[in-house]
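The values are calculated or read from the model by the stated rules, or taken from the named source; none is laboratory data. The model shown is predicted, which means the values in this text are computed figures rather than measured ones. Virtual Cβ from ideal backbone geometry, glycine too; neighbours counted across all protein chains shown.
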Amino acid sequence: MATERRPRSESDSSAASLDGLELAPESGWNAIHVDGEWRPQGDRDAHDVVDPTARAPVGSVPASTRDDVDEAYRAADAAQREWADRSPEERAGIVADARELVAEYREEFAHLFAVECGGARLKAEIELDLTEGTMEVAEGFADAAEADSGLNDAASADGVAAEGVEERESVIDGKRNLVFREPAGVVGVISPWNFPL
């Protein structure tokens, strides 16, 4: 026989404990971020964010329109071209700065994840550990890119392979294998609600 879970009262709702958090929903969640700016909900539909354990709303977020998505794509495409022009060290520095922000707001993130997803605090902590670890690995890609650059310079000694191109050995005499490392472009991601970062 199934039993229905009792909704919590206001006094024991985890939503009530969001007061005073710098990243709390009241700090401006009801907006979308496109091309470097926060845009208010306006006439867009809204979706309530509900704490599943308390069955209480903790905020509201706007539903992006097709035009919002198209504009976000165009902005991301332009930003990606700027990103591609940055050195590996610059990219690593930006990822390091982001990782420091995650660490700085770790307690708030952990609390918000637990409230939004209705999960245990331990799950939120594990998620943050994985996030910070992944970002640290990404920072190390700068070293790998520099190592690749050294290979590229060696491969271009005959003046044929250009910088950013790696020459790999071929099993066929007289054949050259060139590897061009180029960004794939904009990637759209729909993030699972139970693992926000």
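Considering only the stretch 67-106, state which residues are more than 30 Å from ASP45 (Cα to Cα), charged (D, E, K, R) and surrounded by 14 or more Cβ atoms within 10 Å (Cβ to Cβ).
ARG91, ARG99, ARG106, listed by residue number.
If we keep just the residues of the stretch 107-122 that are over 16 Å from ARG55 (Cα atoms) and not basic (Lys, Arg), which is surrounded by the most Cβ atoms within 10 Å (Cβ to Cβ)?
Start the filter on the stretch 107-122 by keeping residues that are over 16 Å from ARG55 (Cα atoms), which leaves 107-111, 121-122.
Okay, now just the ones that are also not basic (Lys, Arg), so 107-111, 122.
On the way: GLU107: 13, GLU108: 15, PHE109: 22, ALA110: 18, HIS111: 19, LEU122: 10.
Here the answer is PHE109.
Could you grab the pairs with beta carbons closer than 8 Å, sequence gap of 6+ or different chains, first residue in the stretch 93-109 and without any contact (Cβ under 8 Å) to a residue 60 or more places away in the chain, second one among the charged types (D, E, K, R) and surrounded by fewer than 14 Cβ atoms within 10 Å (Cβ to Cβ)?
ILE94/ARG86; ARG99/GLU136
For the stretch 56-109, what are the residues that are of a type in the set (S, T, N, Q) and more than 15 Å from the chain's Cα centre (by Cα)?
Here is the first cut: in the stretch 56-109, the ones of a type in the set (S, T, N, Q) are 60, 64-65, 80, 87.
Those that are of a type in the set (S, T, N, Q) and more than 15 Å from the chain's Cα centre (by Cα): SER60, SER64, THR65, SER87.
Could you look through the stretch 40-51, keep only residues that are in a loop (DSSP other than H, G, I, E, B) and surrounded by 11 or more Cβ atoms within 10 Å (Cβ to Cβ), and pick out the one that is nearest to the chain's Cα centre (by Cα)? Don't jump to the end; show me each part of the working.
Step one: filter the stretch 40-51 for residues in a loop (DSSP other than H, G, I, E, B), giving 41-45.
Okay, now just the ones that are also surrounded by 11 or more Cβ atoms within 10 Å (Cβ to Cβ), so 41, 44.
Values: GLN41: 22, ARG44: 24 Å.
Result: GLN41.
Each row is one residue, and each column tells you yes or no for (1) among the hydrophobic types (A, V, I, L, M, F, W, C); (2) at pLDDT below 85; (3) closer than 30 Å to ALA144 by Cβ; (4) in contact with a Ser or Thr (Cβ under 8 Å, 6 or more places away or on another chain).
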| residue | (1), (2), (3), (4) |
| --- | --- |
| THR3 | no, yes, no, no |
| SER11 | no, yes, no, no |
| ARG55 | no, no, no, no |
| TRP83 | yes, no, yes, no |
| GLU107 | no, no, no, no |
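Residue check: is GLU125 at pLDDT 85 or above and within 27 Å of THR53 (Cβ to Cβ)? First the steps, then the outcome.
Details: at pLDDT 85 or above: yes; within 27 Å of THR53 (Cβ to Cβ): yes.
Yes, satisfied.
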